[in-house]
Amino acid sequence: MTRTFQVVVIGGGQAGLAAGYHLRRQGIDFTILGADPAPGGAWQHMWDSLHLFSPADYSSLPGRLMPTQPGETYPDAGHVVDYLTDYEKRYDLPVQHGVQVEAVRRDGGRLLVEADSGSWRARAVISATGTWSRPFVPAVPGRGLFTGRQLHTVNYRSPRDFAGQHVVVVGGGNSGAQIAADLALHGDATVTWATRRPPRFLPDDIDGRILFDVATARRRALDAGRADTGGVASLGDIVAVPPVRAARDAGLLRAQPMFSRLTATGVQWADGSRAETDAIIWCTGLRPALAHLAPLNLRGPRGHIPTDGTRALGEPRLHLLGYGDWTGPASATLIGVGRPARDAAAQIAQLLSS
Ligand code: FAD
């Protein structure tokens, strides 16, 4: 059976919920389909020690401030899951959990959303599927030879899983620094941190509050035709959250250059030196989860779908929310997704009334 709504939102994480909040305010009839069986989006899968890089009141979705977490300036991932669970209930958002969308197709004047448990027809679709389900690992020679454990940021949970082991953490971004710090500060693993270029720590007094302002200022400058301010990337790559700062100041976060290949038992650098290792954790990024949109043939350069704001250039009935700055400044953050969600809902309301 195919059900019909004015709008189908794909993805039940924070971006999907923010979309739902604004669609409801526009009086639009919608449903939200989310692959995860429970609320919380990617936050329910992040590692045990992860904390936000912004305080609670700077991590809120539209309509409801995130409550502070007792004893914590920067809330942990569990607190975010509780907040999103409560948000979904409080606004009575119609999320159907455990529904994996496989394809979105054009179907005359409608879009047809096909999932593992049925299909939906809609006049517009908001895709808000995040990046967590698409871990990226670079092609490094010998990757198939290595006989130890290889995992990605998305599989890492705790230093307990690496007791007594030598672990190579790869990646000079936030997750690489945070996971290397977690392993170095807790448990008894020996850690080598490999980065492609020397790590660039942001100044210690910069947290998510300032990053949000910087991302917004950059978008405003670009929209007004002024020079690119360089945004957050111009400041550095790694937010010096408290554990990263502690590990760095204790001399435990010293990066090695990136190795050139893997061997059966470890890694090898360009000068021929080697290190035996039990595990490699690839903290090498995530890509937008857009496979379900393939039938629409919209892919542009770098695997993104070209958009004007959130609206796909090649399909005006499709909006993309979250993912990264390309769908709105800081739209892949808790505080940043509200505004593009509001704009998407307003544009869809206009489309429906035309
Ligand atoms: P997700 O949370 O990934 O939700 C997408 C949902 O869509 C998931 O539930 C998924 O199951 C579902 N889905 C995917 N594909 C399909 C499909 N085909 N069909 C149906 N459902 C599907 N932001 C901050 O504001 N503050 C921070 O401190 C912060 N720290 C971060 C730390 C890490 C390590 C990472 C990776 C990100 C962090 N972010 C932070 C960024 C961002 O807030 C999160 O990535 C957030 O989870 C993005 O929300 P989302 O709703 O866009 O995607």
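Restricting the stretch 337-354 to residues that are away from the ligand (no atom under 16 Å from the Cβ) and among the aliphatic types (A, V, I, L, M) leaves a set whose member that is surrounded by the fewest Cβ atoms within 10 Å (Cβ to Cβ) is Ala346. Residue under question is Asp223, and the condition is that it be of a type outside the set (A, V, I, L, M, F, W, C) and either out of contact with any Pro (no Cβ under 9 Å at 6 or more places or on another chain) or at pLDDT 90 or above (or both); does it hold? So Asp223 fits the description; yes.
In the stretch 116-136, the qualifying residues are those that are closer than 24 Å to Pro340 by Cβ and outside any loop (DSSP other than H, G, I, E, B), and the one that is farthest from the ligand (Cβ to nearest atom) is Arg123.
Yes or no, residue by residue, for (1) more than 23 Å from Val7 (Cβ to Cβ); (2) free of Cβ contacts under 8 Å to residues at least 40 places away in the same chain; (3) aliphatic (A, V, I, L, M); (4) touching a strand residue (DSSP E or B) at 6+ places or on another chain (Cβ under 6 Å):
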{"residue": "Arg274", "(1), (2), (3), (4)": "yes, yes, no, yes"}
{"residue": "Ile281", "(1), (2), (3), (4)": "yes, no, yes, yes"}
{"residue": "Ala294", "(1), (2), (3), (4)": "no, no, yes, no"}
{"residue": "Asn297", "(1), (2), (3), (4)": "no, yes, no, no"}
{"residue": "Asp325", "(1), (2), (3), (4)": "yes, no, no, no"}
{"residue": "Ser331", "(1), (2), (3), (4)": "no, no, no, no"}
{"residue": "Val337", "(1), (2), (3), (4)": "no, no, yes, no"}
{"residue": "Ala341", "(1), (2), (3), (4)": "no, no, yes, no"}
{"residue": "Ala344", "(1), (2), (3), (4)": "no, no, yes, yes"}
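To keep it simple, each residue is scored yes or no on (1) more than 14 Å from the ligand (Cβ to nearest atom); (2) over 21 Å from Leu290 (Cβ atoms); (3) in contact with a Lys or Arg (Cβ under 9 Å, 6 or more places away or on another chain).
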residue	(1), (2), (3)
Gln6	yes, yes, yes
Gly13	no, no, no
Gly20	no, no, no
Ala38	no, yes, no
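Quick one: is Gly12 over 27 Å from Asn174 (Cβ atoms) and either in contact (Cβ under 8 Å) with a residue 40 or more places away in the chain or part of a loop (DSSP other than H, G, I, E, B) (or both)? Taking the combined requirement at face value, the residue does not satisfy it. In the stretch 95-110, the residues that are in the same structural domain as Asp36 (by TED's automatic domain parsing) and more than 10 Å from Gly11 (Cα to Cα) form Cβ pairs under 8 Å with partners that are within 9 Å of the ligand (Cβ to nearest atom) and among the polar types (S, T, N, Q), at six or more places apart or across chains, as follows: Val104/Ser127.
Among the residues of the stretch 302-312, those that are away from the ligand (no atom under 14 Å from the Cβ) and either in contact with a Leu (Cβ under 7 Å, 6 or more places away or on another chain) or in contact (Cβ under 8 Å) with a residue 12 or more places away in the chain (or both) comprise Gly303, His304, Ile305, Pro306, Thr307, Gly309, Arg311, Ala312. Val99 meets all of the listed conditions (1) more than 10 Å from the ligand (Cβ to nearest atom); (2) within 24 Å of Pro340 (Cβ to Cβ) but one, namely (1).
Filter the stretch 319-336 down to the residues that are under 30 Å from Gly108 (Cα atoms) and surrounded by 24 or more Cβ atoms within 10 Å (Cβ to Cβ), then identify the one that is nearest to the ligand (Cβ to nearest atom). Top of the filtered list is Gly322. Note on the stretch 258-352: enclosed strands (runs of 3 or more DSSP E) holding 3 or more residues that are closer than 30 Å to Leu65 by Cα and either in contact with a helix residue (DSSP H, G or I) (Cβ under 8 Å, 6 or more places away or on another chain) or not assigned by TED's automatic domain parsing to the domain that holds Gln100 (or both) are 315-320. The set of residues in the stretch 63-84 being touching a residue at least 40 places away in the same chain (Cβ under 8 Å) and either within 12 Å of the ligand (Cβ to nearest atom) or buried (at least 19 other Cβ atoms within 10 Å of the Cβ) (or both) consists of Met66, Tyr74, Val80, Val81, Leu84.
The values are calculated or read from the model by the stated rules, or taken from the named source; none is laboratory data. Please read all numbers here as calculations on a predicted model, not as lab measurements. Positions of Cβ are generated from backbone atoms using ideal geometry, with glycine treated the same way; all protein chains shown enter the neighbour counts.
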